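Data first, discussion second: the structure below is written as structure tokens.
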Amino acid sequence: MKRVVVVGGAFAFTLLLVAAMRELAPAAIDLRPSVAAHLAASGVEHPVTAVLLNYRGYDTLLEIAVLLLALLGILAVTRDQGGGAPRPVDPLLQMLARIAATLMIVVAIYLLWAGAFRPGGAFQAGAVLAAAMVLLHLTGLLPGWRQPGVRLRWGLAAGFLVFLAVAAALLLAGGLLTYPPAHAGALILLIESGLTFSLGLILAGLFLFLSRDEGDAP
Amino acid sequence: MTSGLIFAGAGAALFAMGVAGVLLIEHLLRRILAFNLMGSGAFLVLVGLAQHHDAPDPVPQAMVLTGIVVAVAATALALALVRRLHGLTGSLELPEAEDD
Amino acid sequence: MIDPLAWLILLPLAWATLAFLLGPGRGAWLGIGGLAGQLWLAVGLAQKVGAGGRAIGHSVGGWGAPLGIDLAADGLSTAMLLLTQIVALPLAIYARAYFKADDPAGLYFWPLTGFLLAGLNALFLSADLFNLYVTLELVGLAAVGLVSAGGGAQQIAAALRYLFATLIGSGAYLLGVALIYGAYGTVSIGTLLPLITAEAPRLVWIAGGLMVLGLMLKTALFPFHFWLPPAHGGAPAPVSALLSALVVKASFYLILRLWLGPFAALADTAASLTALLGAAAILWGSYRAIRVQRLKMLIAYSTVAQLGYLFLIFPLLSGAGALQAGVMQAFAHGLAKAAMFAAAGVLIKATGQDRVDGLAGAAERLPLTLFAFGLAGVTLMGLPPSAGFLAKWQLIEAALAQGQWLIVAVVLAGGLLAAVYVFRVLRQAFLLAPASRDIWPVPRTLEWTAFALAAMSVLLGLRGLELMQLLRAGGAA
């Protein structure tokens, strides 16, 4: 009975929404001219990166906080699982993984740099870095992580701290996240570099803190 | 019907299916998948509806990037909780709520 | 010059991260210090807004809406910010004494709480619909993390239910934001205000409905309350206090903000239904609170009931006084519920069990805690001179002015039902202890912070006028 009601409701809702979408007039406000007009002062050349790290950079700040927070939630729930002896894996696979991981690091750095003038940026680069680490873990080259020690904690938090520090400095100088146009590019690159490093660790951590190796009991 | 509207319509359908999934499915992993479906639907609507014009609008794309990261964070937390629940009870479905 | 708006957000983010780096021992001191700073900022902001008589804003990045994101502090936001810091500081002191050194629930309490508070402050200050979505997720995930930390199977299951409910809520909200952007090309509240009129296209009605429904799910309005009792009832006491006192108020604040702001032209249709659900919440929540066996479950159901009062104001918003009643109720309940959960934490630690009928003997050994519980109960029942009385008085006045007799009846009935479940606990605690009962000693700090919160909830009634002036000054009332 509940099934019928929910599915029926979902169906009806979809039809209603599609019908309402069709009768929509063009939007009152178009932001593209403003984005393009201020692009020169924003410090980057790609409009999406400009929106992400400059015009709506505050959203990005909070979003990194959300990601770090999720990791903390995972750490709080996970007891001392993970870690232990890495499982034995075909050495050919391991060699391929090493090569692939090296290439992935290079790609990540490129993506970070390219974000200024084409699709790319800190998130994409961080994701590639994390994928490299997960690849190394799956082929037995990187053990799973236990509760983080001091250095790993600093690595995880460093990107966010850099972002916060820049935000605080700018706040004292003028307004929150108000980049001076002359230095906007450099500041954004600084923030993105820190973020890439930390995001790689955080995203990898989402996997590695939860993984179990052969030696542990289920 | 512009192409943007087709994406938006698909997004609406995905959203509805996702919500129905989260409400109806008992298996926790599939529930999390349904939640991701719901999120993807909302993102499609966000990008699709704004595509009334000929050239892409960068603002909703940046918003969707943010949304994807938030969805990843939420999914990771959910998976960790499911993993722990499975470790403690051996089951992949929620136990009856104790209401007393 | 210190700009309180941005610092209220950056400060908790900073100490939360440092607490993660330095561990729970130093994290506790960072938290308490940071909260003291935040309270100072909030009080300063309240003075500025109250004196200036209008809202204070901050355009992040210097761009200004609709390109950039705006922060805004009017009377309503400032009041909610005050509530958050005033409740959180005693709770932080309580939590420091509550979690023993090796308690797994306490290991990550400080960074999680710091992010929770940052999210709350950011939520109350944001004037951008999509930014509000990110803050909602920040608050929601932090709350889920706090509920699940170090818990057993039931706690994890409660956390998962809470997570799914909160994700559906924010998912619906996000879809609403997507529809609004599609319709108007902006998500800035200030820019949208003049654009959404009563002739808005159907899509905007759907968007509004989605957003409000999603937020109601997050506020545990009846019948969406199913996730709240297990989550608030099963978590450690300081976590339950934070959740019941503050987190549910955040989504309620957002409903108010949308109702009074962008969707003002569309709001009247749903007002009666909302009030009806609020009345059902009061009756059902109180009924369950009277029946359940566990102390924290009782208090959690009391939250469900008390949240119902907040939703009774919606049909009355056209007249003066209803908004003030709602904010006063949020304050009263926030302080009282935090005190109640704090007191419950003490009682549970002392008697070593969590059932209501196992509390015998608590009154002779823990008089201060029972006094705190009683004072908090006074506020929930709505007895003078507490803030709860002031809130219910204003609500009844507003209802009488508009001829809404049913609302008056429900408010009075709710007060009586609250008395039943409060006295249930007090009666048990005042029974003489059986000879075999051990009452473990409890750190004094726990009792005094619970008492401080309860005393504030009662004394606030005497200072209610200033709160009303703040609301009016910022242009929200």
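Restricting things to alpha carbons, find the Rg to Rh ratio for segment C:1-266 using the Kirkwood radius for Rh.
Over the Cα atoms of segment C:1-266, Rg/Rh equals 0.98.
Mind sorting C:Ile9, A:Ile105, C:Ile56 by how few other Cβ atoms lie within 10 Å of their own Cβ, fewest first?
Numbers: C:Ile9 31, A:Ile105 16, C:Ile56 19.
Sorted ascending by nearby Cβ count, the order is A:Ile105, C:Ile56, C:Ile9.
Suppose R0 equals 41 Å. What FRET efficiency, 1/(1 + (r/R0)^6) with r the Cβ-Cβ distance, do A:His183 and B:Asp54 give to the nearest 0.05?
Values: r = 35 Å, r/R0 = 0.85.
Efficiency, rounded to the nearest 0.05: 0.70.
Among residues other than C:Val247 whose Cβ falls under 14 Å from its Cβ, what is the net charge (Lys/Arg +1, Asp/Glu -1)? Working shown, then result.
Values: positive: C:Lys218, C:Lys249, C:Lys337; negative: C:Glu137.
Summing Lys and Arg as +1 and Asp and Glu as -1 gives +2.
Taking the number of other C-beta atoms within 10 Å as the exposure measure, put C:Ile282, C:Ile299 in order starting with the fewest.
Working: C:Ile282 26, C:Ile299 29.
Listed from fewest to most nearby Cβ atoms, that is C:Ile282, C:Ile299.
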TODO: Mind checking A:162-172 for the average number of partner chain beta-carbons within 10 Å of each residue's beta-carbon?
DONE: 3
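For every helix of n ≥ 4 consecutive DSSP H residues, a contribution of -39,500 (n - 2.57) applies; sum these over chain C, divide by its total residues, and give [θ] at 222 nm rounded to the nearest 500 deg cm²/dmol.
Values: 21 runs with 349 residues, N = 477.
Computed mean residue ellipticity for chain C: -24500 deg cm²/dmol.
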- [ ] Specify the angular offset, from 0 to 90 degrees and rounded to the nearest 10, of the alpha carbon long axis of helix C:24-52 from the longest principal axis of the alpha carbons in chain C.
- [x] 50 degrees
TODO: Kindly provide the trypsin sites (Lys or Arg not before Pro) of segment A:1-96 that DSSP labels as loop, not H, G, I, E or B, and whose Cβ sees at most 13 other Cβ atoms within 10 Å.
DONE: A:Arg79
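Pop out the Kirkwood hydrodynamic radius of the protein assembly as shown from its pairwise C-alpha distances, inverse of mean 1/r, in Å to one decimal. Show your work: numbers first, answer last.
Values: mean 1/r = 0.0375 Å⁻¹.
After inverting the pairwise mean of 1/r, the radius is 26.7 Å.
Step by step: find N for segment C:1-104, compute 2.2 N^0.38 Å, then divide the Cα radius of gyration by it. What's the final number? Let's see the in-between values first.
Details: Rg = 15.9 Å, N = 104, 2.2 N^0.38 = 12.8 Å.
Here the Cα radius of gyration is 1.24 times the empirical estimate.
Assuming 0.890 mPa s and 25 °C, estimate D for segment B:3-89 with Stokes-Einstein, Rh taken as the Kirkwood radius over Cα pairs, in µm²/s.
On the way: Rh = 13.9 Å.
My calculation gives 177 µm²/s for D.
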- [ ] Using a Gaussian network model of chain A whose springs link C-alpha atoms within less than 10 Å, name the residue from A:His137, A:His46, A:His183 with the highest mean-square fluctuation.
- [x] A:His183
Open item on the list: Give me the one-decimal nm value for the distance between modelled label points at C:Gln469 and A:Ala37, 7 Å along each residue's Cα-to-Cβ direction.
Closed with: 4.3 nm
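Quote the FRET efficiency, to the nearest 0.05, computed for A:Trp113 versus C:Phe226 with a Förster distance R0 of 56 Å and r equal to the Cβ-Cβ distance. Display every interim value, and only then the final one.
Numbers: r = 50 Å, r/R0 = 0.88.
Using R0 = 56 Å, I get an efficiency of 0.70.
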Task: Shielding by partners - mean other protein chain Cβ count within 10 Å, residues of C:291-299 - done: 1
TODO: Between A:Ala108, A:Ala41, A:Ala50, find the one with the highest GNM mean-square fluctuation for chain A; connect C-alpha pairs within less than 10 Å.
DONE: A:Ala41
Open item on the list: Under 10 °C and 1.306 mPa s, how fast does chain A diffuse according to Stokes-Einstein, given a Kirkwood radius computed over C-alpha pairs? Answer in µm²/s, whole number.
Closed with: 78 µm²/s
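Expressed in nm², what is the orientationally averaged projection area of the convex hull enclosing the Cα positions of chain C? Walk me through the numbers on the way to the answer.
Working: hull surface 82.2 nm².
One quarter of the hull surface, i.e. the mean projection, equals 20.6 nm².
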Open item on the list: Give me C:His333, C:His225 sorted ascending by neighbouring Cβ count inside 10 Å, so fewest comes first.
Closed with: C:His225, C:His333
Open item on the list: So if I average 1/r over every pair of distinct C-alpha atoms in segment A:140-218 and take the inverse, what Kirkwood radius in Å does that give?
Closed with: 14.6 Å
TODO: Pull up all non-local amide H partners of C:Arg355: gap of 5 or more, or a different chain, and H-to-H distance under 5 Å with H placed in the peptide plane.
DONE: C:Leu295
Open item on the list: Taking θ = phi - 60°, what integer Hz values does the Karplus form 6.51 cos²θ - 1.76 cosθ + 1.60 yield along segment B:65-78, in sequence order, with x for Gly and Pro?
Closed with: 4, 4, x, 4, 4, 4, 5, 4, 4, 5, 4, 4, 4, 4
Task: Derived scalar couplings ³J(HN,Hα) [segment C:95-109; Karplus, 6.51 cos²θ - 1.76 cosθ + 1.60; whole Hz; x for Gly, Pro] - done: 5, 4, 7, 6, 7, 6, 4, 9, 5, x, 5, x, 4, 10, 4
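Determine the shape class of segment C:269-477: with a ≥ b ≥ c the square roots of the Cα gyration tensor eigenvalues, call it rounded for a/c under 1.5, and otherwise prolate if a/b is greater than b/c, oblate otherwise.
Values: a/c = 2.86, a/b = 1.80, b/c = 1.59.
It comes out prolate by the Cα gyration axes.
Shielding of A:2-10 by partners, i.e. mean partner chain Cβ atoms within 10 Å per residue?
On the way: counts 2, 3, 0, 2, 7, 5, 1, 4, 10.
Across the residues of A:2-10, the mean count of other-chain Cβ atoms within 10 Å is 4.
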- [ ] Might you report the magnitude of the Cβ-based charge dipole of chain C about its Cα centre, with Lys and Arg at +1 and Asp and Glu at -1, to the nearest 20 debye?
- [x] 860 debye
Open item on the list: Suppose each label sits 7 Å from its Cα in the direction of the beta carbon; what would the C:Ala101-B:Ile25 distance come out to in nanometres?
Closed with: 4.6 nm
Task: Of C:Ile189, A:Val89, C:Leu71, farthest towards positive along the dipole that unit charges on Lys, Arg, Asp, Glu beta carbons give the protein assembly as shown - done: A:Val89
Task: Between helix C:202-218 and chain C: long-axis angle, C-alpha atoms, 0 to 90°, nearest 10 - done: 10 degrees
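Estimate the FRET efficiency between B:Thr89 and C:Arg444 by the formula 1/(1 + (r/R0)^6), using the beta-carbon distance for r and 60 Å for R0, to the nearest 0.05.
Details: r = 39 Å, r/R0 = 0.65.
Computed FRET efficiency for B:Thr89 and C:Arg444: 0.95.
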Open item on the list: With +1 on the Cβ of every Lys and Arg and -1 on the Cβ of every Asp and Glu, and nothing else charged, how large is the dipole of the protein assembly as shown about its Cα centre, in debye rounded to the nearest 20?
Closed with: 1180 debye
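Bear in mind these aren't lab numbers, they're just calculated from the coordinates by the rules spelled out. All values derive from a computational prediction rather than experimental measurement. Reconstructed Cβ throughout: ideal geometry from the backbone, glycine too, with neighbour counts over all protein chains shown.
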